[in-house]
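Novice: There's a structure below that I have some questions on.
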Amino acid sequence: MSHWTKVQTKLRDREILKKALIRMGLEFTEGQHTITQYGKSEKAEIKLDNAVGLSIQEDGTYAMVGDFWHSRNRNLSKYYGKTNQFTSDLSTAYAIEEATTHLEEQQFYCSENAEAQVGEDGLITMVFESWN
């Protein structure tokens with residue numbers, strides 16, 4: 001059984017968000033899109049497919065809108081009934097990309113675990129070294 005979902009996040013930086021989506025293996029298009037299911041519509045600035053998108057909210061954060069059930073993308077449909085898992089995976093990928101971006105701005109590079117594999121305990125250990 002499908003259902004319309006809107007999940008608020010605390011993710012704000014569009015460029016880092018796009019990197020996080022790529023890290024998750026998700027394709028997307030940017031622009032002014034509308035996600036519509038069951039007579040409900042939401043605008044989405046980042047469209048993952050016809051059924052799921054990311055919509056910027058008044059406070060500058062992004063919300064996931066849509067219905068994973070109707071997604072034709074296997075990487076998205078696996079989240080049907082697991083919306084919390086999607087937001088957790090997206091938040092993890094976002095945190096990795098945010099840390100990497102800010103450290104690279106300070107002339108650091110990742111020398112170990114660039115893929116940022118998550119350990120069994122849920123921790124991600126990456127080693128950064130200075131370019132200088």
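The values are calculated or read from the model by the stated rules, or taken from the named source; none is laboratory data. Predicted model only: the values in this text are computed from it and were never measured. Every residue, glycine as well, gets a Cβ built from its backbone with ideal geometry; the counts of neighbours run over all protein chains shown.
Novice: Check Ser91, Ser55 and return the single one that is outside any loop (DSSP other than H, G, I, E, B) and out of contact with any Asp or Glu (no Cβ under 9 Å at 6 or more places or on another chain).
Specialist: None of the other options fit; the residue is Ser91.
Novice: Collect the residues in the stretch 101-110 that are modelled with pLDDT of 90 or more and surrounded by 12 or more Cβ atoms within 10 Å (Cβ to Cβ), keeping them in residue-number order.
Specialist: Thr101
Novice: OK, next. What's the total number of residues in the stretch 25-52 that are within 17 Å of the chain's Cα centre (by Cα) and part of a loop (DSSP other than H, G, I, E, B)?
Specialist: 8
Novice: Outside any loop (DSSP other than H, G, I, E, B) and more than 15 Å from the chain's Cα centre (by Cα), is that true of Ile22?
Specialist: Judged against the criteria, Ile22 is not a match.
Novice: Inspect the stretch 111-128 for any residue being surrounded by fewer than 17 Cβ atoms within 10 Å (Cβ to Cβ), at pLDDT below 90, polar (S, T, N, Q) and at positive phi and give the result as yes or no.
Specialist: The answer is yes, given that some residue of the stretch 111-128 is surrounded by fewer than 17 Cβ atoms within 10 Å (Cβ to Cβ), at pLDDT below 90, polar (S, T, N, Q) and at positive phi.
Novice: Follow-up question, since we're still on this one. Please find, within the stretch 31-66, the residue that is surrounded by the most Cβ atoms within 10 Å (Cβ to Cβ) out of those that are charged (D, E, K, R) and under 20 Å from Lys10 (Cα atoms).
Specialist: Taking the candidates together, the pick is Lys47.
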